[in-house]
1. Have a look at the DSSP beta bridges in the chain and tell me what percent are antiparallel, nearest 5.
2. Report the gain in length on full extension from residue 117 to residue 63: 0.36 nm times residue separation, minus Cα-Cα distance, nm rounded to one decimal.
3. Kirkwood Rh, Cα Rg: Rg to Rh for segment 163-303?
4. Where does each of 114-127, 31-44 land if you order them by average Cβ count within 10 Å, highest first?
5. Per 0.36 nm of contour for each residue apart, how much would the distance between residue 95 and residue 22 grow if the chain were fully extended, relative to their Cα-Cα spacing?
6. Can you tell me which of 71-81, 14-24 comes out highest on packing, and rank the rest after it, using the mean Cβ neighbours within 10 Å?
7. Considering Cα pairs under 8 angstrom that are at least six residues apart, work out the relative contact order of the chain and quote it in whole percent.
8. Assuming 1.306 mPa s and 10 °C, estimate D for segment 1-67 with Stokes-Einstein, Rh taken as the Kirkwood radius over Cα pairs, in µm²/s.
């Protein structure tokens, strides 16, 4: 669909369901997409590392982009992953994304192909090459570790490149976030998205929202809804949930924790791709208990008392890997 207005709020980062044969489970993908679309203002496919797109061959990755876009069926804008250290491959994926009906492509700020941080000039050249050739607008994606971690000035300079419309930033650094919201979003140079933990702060400072995988999307949607309605107490309650979830189980990594949590909502998308370990049965049960106690699932509504109970219960049990 042609975007008629900017994306604001929550972008749901779709995780990749794997079957026993280690191939994409498209039946599970459909259930996950329906779950995301119910809460989110847009959806990204194979666009963040938590989506495990690096475990797919190029043909499998393209098939996932195509089928997932069909499953969304224009209900919300679709952001398709096109990350690669090769600008040529990014453009090829962007062209494919446009062909299958995507609205934007998300591109990770790359490390140098041989490792190490690129200079600001190199990043500028990379995004200039990609943006000038891409048929779709770009989301410039910052994720330190798998991608580059440039100085803040690089973000502002990239925002001045035509066709770079959005930023997805993962540092959780409030000093960086506040400056870049001011110099990018508030300056009208692009729409600035962060992630779960700084979501409410992002909204208060004038940012556009946050990207996160499900079921964090359901909590994030509550934060955005309450903020838009001017109910800061309720927004603060739901934001506090991100202080404990998923961070309490961070040793597993994000995909195992979120795939575990989704099962408590009746959406089973399997386990992380092998050889990486799923959440232990003990911690899986603990995640479900937390989600029930905060009022996210089950009949119990959200209250301060229930939140305190959940926090105390987690403090009394050390999470460990089996």
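FYI, it's all coordinate maths here, none of it is from the lab. Just so we're clear, the structure is a prediction, and the values are computed from it rather than from any experiment. As a convention, Cβ positions derive from the backbone with ideal geometry for all residues, glycine included, and neighbour counts pool all protein chains shown.
1. Approximately 5 percent, going by the DSSP bridge assignments.
2. 16.3 nm
3. Rg/Rh: 1.01.
4. Result, highest mean Cβ count within 10 Å first: 31-44, 114-127.
5. Length gained between residue 95 and residue 22: 23.6 nm.
6. 71-81, 14-24
7. 16 percent
8. Answer, rounded: 124 µm²/s.
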